[in-house]
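Before any comments, here is the structure.
Derivation of every value follows stated rules applied to the coordinates shown; laboratory data play no part. Model, not experiment: these values are computed from the prediction. Virtual Cβ from ideal backbone geometry, glycine too; neighbours counted across all protein chains shown.
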Amino acid sequence: MDRMGFSNLVSKVYPETRHESLNEINRDVVMSDFAAWADSVLKA
């Protein structure tokens, strides 16, 4: 992915979820993880 200009890719699979992570019952966990990732990227 570096060739495409991406350098900080993170993949996480949430058990018991489907393709709409932001509309699942564990949306708060997904959003918390995203916010933590975004904070780490912006601080770098």
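The C-beta contact set for region 4-22 (first residue without any contact (Cβ under 8 Å) to a residue 60 or more places away in the chain and among the β-branched types (Val, Ile, Thr), second residue surrounded by 10 or more Cβ atoms within 10 Å (Cβ to Cβ) and in a loop (DSSP other than H, G, I, E, B), distance under 9 angstrom, 6+ apart or interchain) comprises THR17/GLU24; THR17/ASN26.
If you go through region 13-37 and keep only what is of a type outside the set (Asp, Glu), part of a loop (DSSP other than H, G, I, E, B) and surrounded by 10 or more Cβ atoms within 10 Å (Cβ to Cβ), you end up with TYR14, THR17, ASN26.
When you look at SER40, is it surrounded by 10 or more Cβ atoms within 10 Å (Cβ to Cβ), touching a helix residue (DSSP H, G or I) at 6+ places or on another chain (Cβ under 6 Å) and of a type outside the set (A, V, I, L, M), yes or no? No: the conditions fail for SER40.
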